[in-house]
Every structure is written in structure tokens, then in C-alpha cells.
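Data block below; observations after.
Values in this text are rule-based calculations from the coordinates and carry no lab data. All of these numbers come straight from a predicted model, not from anything done at the bench. Neighbour counts are summed over all protein chains in view; Cβ atoms, including those assigned to glycine, are modelled from backbone coordinates with ideal geometry.
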Amino acid sequence: MWLYFWGVWLFSLVFHDFHSSFAEMYYNPQEKAFQVSLKLFSDDMENALTKFSGKKYLLGGLGKDKSPDDILVAYLEQKFRLIHKKKNKIVPIYYIGKEVGVESVTVYFEMPFNDKLTNYELQNTIMLELFDDQTNIVLVQYHSKRKSFEFNKNKTAIFLKSW
């Protein structure tokens, strides 16, 4: 599946009619946190953040950027959530930085976590407000288990009960 995804991703860099994001959530037991990298198309992200903030948003120049980005963090807090369903508590996002490329941007953040995943729901509605064909893939690695999930306009959340 991952070869297929990366093949489509590379192909879509040339023909950008494909709307997608790809996130990797790796649980680091020493840090007691999920370390997340989220890869998106730069122009789509700029459009989403412009619509979200009501002001023209530009990602900035090429390369790594660790400076605070309140608009991006507010957008992620609303669109990418890990929620304890019984307590209705959202796991906070701690922004680390972003890396801007020619066609894509990778955003790095952490989500502190010291619990079992079985009571949690993962929500991903990134850019669904912009594109009907938006697909968001999330790969979750928690201890020794690894699972991938697909989100779209018809499926915006996954209950992580089988962990």
C-alpha cells in the first residue's frame, strides 16, 4: 500500500489534481508522546490557512522553520485531533516546526500521551473544507503495532478500539 501511496504522491506532484495529506504518528515511550510528521501540498495548505484565518497566508521560504505559527497550530488543533471519547478530552498539539519544499510542506508536532489508545478517537478533517476528493492517510505506530487509516469527506474519524 505504501509503495502505491508514494507512487501516487510523486505522480501528483507533476499533475496536481490529487488532493491528499500523509501523516505518520510514532509513539515515543521515552517522551510519552506521539511524534507526528504531516506532509501536504504547499499550495493547498496555503489556501486552507487563508480560508481558515480570513487573511492571505504564505508558508514562507524553502527550508526548515521553527518559528511559532499560530494560524497553522490553530488549524491543526481543529482539524487533526486525538480525543478521549469517555472524557471528551482532546490531546493537545505542541508545534515543533515545518519544512517547506518546492511542492510540499512537512509539519512536525507532538501530542503528549500516557494512556491506552482503546478509548480514543482519531479525527482528520484536514482540507476537507476545500476539496471533495481530499484523502488523508495516517500511519499510526504505537508500541509494536502499526496501522494505517484513510480519512475523507465520508469518513472523518476512527475509533481506535482495537489497540
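Brief remarks follow.
- Search result, residues across segment 17-49 that are farther than 15 Å from V91 by Cα, out of contact with any Asp or Glu (no Cβ under 9 Å at 6 or more places or on another chain) and charged (D, E, K, R): E24, D44, E46
- Top-ranked residue of segment 99-115 - restricted to ones that are out of contact with any Asp or Glu (no Cβ under 9 Å at 6 or more places or on another chain) and crowded, with 16+ Cβ neighbours inside 10 Å, ranked as nearest to D70 (Cα to Cα): F109
- Residue, surrounded by the most Cβ atoms within 10 Å (Cβ to Cβ), within segment 136-163, restricted to residues that are among the β-branched types (V, I, T) and closer than 18 Å to Y75 by Cβ: V138
- Residue pairs whose Cβ atoms lie under 6 Å apart, separated by 6 or more positions or on different chains, with the first residue in segment 110-122 and farther than 21 Å from I96 by Cβ and the second of a type in the set (K, R), are T118/K161; N119/K85; N119/K86; E121/K85.
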